[in-house]
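The values are calculated or read from the model by the stated rules, or taken from the named source; none is laboratory data. Note that the structure is predicted; figures quoted are calculated from it, not measured. Note that we place each Cβ from the backbone using ideal geometry, even for glycine, and neighbour counts take in every protein chain shown. Surface areas here come from the heavy atoms of the whole protein model, side chains and all, with no ligands, DNA or RNA. Shrake-Rupley method; radii C 1.70, N 1.55, O 1.52, S 1.80 Å.
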Amino acid sequence: MNSYQPNGFEKRWQKIFQAFAQKHEHDAGIAGWSVTGLRARQNHFEHYFSRGGKRSGKWLDAGCGAGNYSRLLAENGLSVTGLDYSCPSLAKARLRSQQAINWIAGDVKLVPFEDRVFSGVVCFGVSQALSGSDLFLNELTRVAVKDSELWVDGLNKWCVVHFFSSLWRRIKRKPRHLRYECPYSMRKKLKLLGWNRVDILWLPILPARLHRIQNVLEIPVVRNFWQKAPLVGLMSSHGFVLRAKKN
């Protein structure tokens, strides 16, 4: 068991997520996303998840928030545990979920389960509120069985918009408000942890006012273009999802 203690950046985000859950009643607000942003993320996951065949076993939704991904997994016939450090979020997740989902209070950097418990793990909307990715990736790997699947996302560090936003904050000497991930560095970390196949799934998300164009980006042929043009994905995608498997 590691001896993790949250730092100031992470404690601030814990308070923010608790405030989100206390203030909002819809899934997007509880998670801190716009409605269109959350919908785009869910559509992205469902698109690729549905192409992976039938799953079984126990699955962990690490950082489950209001439980929207937990419910999606349960609807696919999986036994699901939702984990989150925000008790107000868990309370609202429990109230809106009809399926038999197990809700647990805990931190993704100190997952309260023994080794090799879950056949699959999803962790969405979490990494940007952590000071680093090493420890939580170690934990998610630790609780996954040998023949398992991992889905984890991040905000793309090399998206042009994010790059200049971060640069502007540094120039203005403003503190970091989110942490952006390098998708290739994160993929390398997972491979070092034993995930022998790790795919980057680019996730372009536009502002809510451009939702009609967002619909175009979710057409299968357009998704395929982004996957076949990694430089375009790297520079233009708001976020990314890593889909990892180990045998």
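Summary of values
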| item | result |
| --- | --- |
| Cα gyration tensor category, rounded, prolate or oblate, for region 82-226 with a/c compared to 1.5 | rounded |
| Share of Cα-Cα pairs in the chain lying beyond 27 Å, as whole percent | 32 |
| Value at 222 nm in deg cm²/dmol, rounded to 500, when DSSP H runs of n ≥ 4 in the chain each add -39,500 (n - 2.57) | -12500 deg cm²/dmol |
| Accessible area of the chain belonging to carbon and sulfur atoms, whole % at 1.4 Å probe | 56 |
| Accessible-area ranking of Trp168, Trp33, Trp158, largest first, probe 1.4 Å | Trp168, Trp158, Trp33 |
| Tensor-based shape of region 27-165 (alpha-carbon gyration tensor, a/c under 1.5 rounded, otherwise prolate or oblate) | rounded |
| Sequence of Glu218, Glu114, Glu46 from largest to smallest accessible area, 1.4 Å probe | Glu114, Glu46, Glu218 |
| Mean accessible surface per residue for region 123-229, computed with a 1.4 Å probe while every protein chain stays in place, in Å² | 53 |
| Lys58 accessible area, 1.4 Å probe, all protein chains in place, Å² to nearest 10 | 110 |
| Solvent-accessible ranking of Tyr180, Tyr48, largest area first, probe 1.4 Å | Tyr180, Tyr48 |
| Exposure of His162 as accessible area (Å², to 10), given a probe of 1.4 Å and all protein chains | 10 |
| Förster radius 30 Å - calculated FRET efficiency between Phe225 and Arg169 (Cβ-Cβ, nearest 0.05) | 0.45 |
| Partner lysines for Lys146 [C-alpha distance under 28 Å; skip if fewer than 8 residues away on the same chain] | Lys54, Lys58, Lys109, Lys188, Lys189, Lys191, Lys245, Lys246 |
| Spatially proximal lysines relative to Lys23 (Cα-Cα < 23 Å; intrachain offsets below 8 disregarded) | Lys11, Lys15, Lys92 |
